[in-house]
């Protein structure tokens, strides 16, 4: 009996997959369609993203423009506050750059020994341009004089680095009292140097004690007249004003207004 | 051509078609998408910046009344004009309080421009005050003059917390000279205690280009400061006049 192969010749072993009647064309078409579908999906997604993001960008830009317009409308407020801050800092620096005259005079009164009397005291900080002939006298005049103003835009009249110096002239009961005065003046806080300029006793025959006649130098009897220069440390650099210098506007008392 | 070769060719053709579709159609859109995304990011950044500016501007608007009061208060220390009568009045008041005789006032020559200790907030042009030198003469006791010097400093002072307290003109004393009074009015021991204090001091005024409250101050809300202010819309700048 002769064996018969019932498997169709096209499907017998060894035949390639897809090697059917279309010879793989169907699979290729399917792959092509699938690829096109993926591309179409990607394209659609990209178009959708572009569209939505364009709208988002336009919306954001419009919001930003609105905010900028509102901010520019309120800009005068910001510049006004900046002006206030700037002015407060400038005034604050000027206040901080001043020399404490009252404290120094109190210190003089505290350290000077009772054996000395002061006949004249003068102090200067920085360069003083208003002396002597440059002033125009007007005794307690309330007329609105046009004070000459410095043309330059400067700040403190006692700039940092200025050295306060004082000159004391007076009488002492003895040269030892002058020496003691020099030592006592060195005790003042902030004093950098105390220099004796002169200490001269004029001999007056028979003049002793407090009952002695006043000599030509203004001192009693033969008491020495002295002149001492006191130099203070230079004014410090103004500390950098804080970012927000506050102004207490509710302190009208104590002043003259 | 065998069947396998044909399949390979077909696959290559399919891939070529898909590649061409990607390069010609999808890729440009993707590129456009990235470009738009960058634009969105930039717009977001601009919006954040603008919102920050707006927030600070609104904060400044809220601070307006306090700032206006501060400016007016600072105008007492550094007025917009010379205000010599006001200064004389203040000195007279202070000397009376300290039992010191205010003898004379003289305007001095222009001070030399020496330093530039001007304050400048970030991004703000520095302020330059104009100096007005004066020479004052007072008669009184040592203690009275000492107290007067303190009073002059206290016109404008800084508290321990750093806040400015303004009750009068800002004065910088440059020199002081004390000498026995020679007016002959008082006699005896009191005459010996009387001193003549000659003070050289500098007052300050705002530059001519600046008004007290600036050229155009915003009149946001009702002005809390003294003076007549035109109250317009909250965002409308207006000129406000005030007398310190």
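Of the residues B:8, B:14, B:25, only one is surrounded by fewer than 19 Cβ atoms within 10 Å (Cβ to Cβ), facing chain A (nearest Cβ under 8 Å) and closer than 30 Å to residue A:32 by Cα; which?
B:25
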- Test residue A:143 against the stated conditions and say whether it is modelled with pLDDT under 90 and either surrounded by fewer than 21 Cβ atoms within 10 Å (Cβ to Cβ) or touching a strand residue (DSSP E or B) at 6+ places or on another chain (Cβ under 9 Å) (or both). yes
- Item | From A:164, A:160, residue being buried (at least 17 other Cβ atoms within 10 Å of the Cβ) and in contact with a strand residue (DSSP E or B) (Cβ under 8 Å, 6 or more places away or on another chain) | A:164
- Note on the structure: Note on region B:67-97: residues within 7 Å of chain A (Cβ to nearest Cβ), touching a helix residue (DSSP H, G or I) at 6+ places or on another chain (Cβ under 8 Å) and either part of a helix (DSSP H, G or I) or at positive phi (or both) are B:67, B:70, B:71, B:74, B:77, B:94
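Rundown of residues vs (1) at the interface with another protein chain (Cβ under 7 Å from one of its Cβ atoms); (2) in contact with a strand residue (DSSP E or B) (Cβ under 7 Å, 6 or more places away or on another chain); (3) over 30 Å from residue B:173 (Cα atoms); (4) crowded, with 23+ Cβ neighbours inside 10 Å, yes/no style:
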position: A:58; (1), (2), (3), (4): no, no, yes, no
position: A:61; (1), (2), (3), (4): yes, no, yes, no
position: A:66; (1), (2), (3), (4): no, no, yes, no
position: A:71; (1), (2), (3), (4): yes, no, yes, no
position: A:77; (1), (2), (3), (4): yes, yes, yes, yes
position: A:82; (1), (2), (3), (4): yes, no, no, no
position: A:87; (1), (2), (3), (4): yes, no, no, yes
position: A:103; (1), (2), (3), (4): no, no, no, no
position: A:109; (1), (2), (3), (4): yes, no, no, no
- Any hit, region B:188-204, residues being farther than 19 Å from residue A:102 by Cβ and at pLDDT 90 or above: yes
- Item | Unique residue being surrounded by fewer than 18 Cβ atoms within 10 Å (Cβ to Cβ), in a helix (DSSP H, G or I) and more than 7 Å from chain B (Cβ to nearest Cβ) when the list is A:40, A:31 | A:40
- Message: Condition first: more than 7 Å from chain A (Cβ to nearest Cβ) and over 21 Å from residue B:70 (Cα atoms). Now tell me which residues in region B:140-181 satisfy that.
- Response: B:140, B:141, B:143, B:144, B:145, B:147, B:148, B:151, B:181
- Message: So if I check each of B:38, B:11, B:60, which one is under 30 Å from residue B:168 (Cβ atoms) and assigned to a helix (DSSP H, G or I)?
- Response: B:60
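How many residues does region A:191-215 hold that are surrounded by fewer than 16 Cβ atoms within 10 Å (Cβ to Cβ) and modelled with pLDDT of 90 or more? It would help to see each step written out before you state the result.
Within region A:191-215, the first condition is being surrounded by fewer than 16 Cβ atoms within 10 Å (Cβ to Cβ), and the residues that meet it are A:192-193, A:195-198, A:200, A:202-203, A:205-206, A:208-214.
Adding the requirement that they be modelled with pLDDT of 90 or more leaves A:192-193, A:195-198.
Residues flagged as surrounded by fewer than 16 Cβ atoms within 10 Å (Cβ to Cβ) and modelled with pLDDT of 90 or more within region A:191-215 amount to 6.
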- Task: Could you figure out which of (1) out of contact with any helix residue (DSSP H, G or I) (no Cβ under 7 Å at 6 or more places or on another chain); (2) at pLDDT 90 or above isn't true of residue B:100?
- Result: (1)
- Of A:41, A:67, the only residue that is within 27 Å of residue B:37 (Cβ to Cβ), at pLDDT 90 or above and out of contact with any helix residue (DSSP H, G or I) (no Cβ under 9 Å at 6 or more places or on another chain) is A:41
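The values are calculated or read from the model by the stated rules, or taken from the named source; none is laboratory data. Since the structure is predicted, the reported quantities are computational estimates derived from the model, not experimental observations. Every residue, glycine as well, gets a Cβ built from its backbone with ideal geometry; the counts of neighbours run over all protein chains shown.
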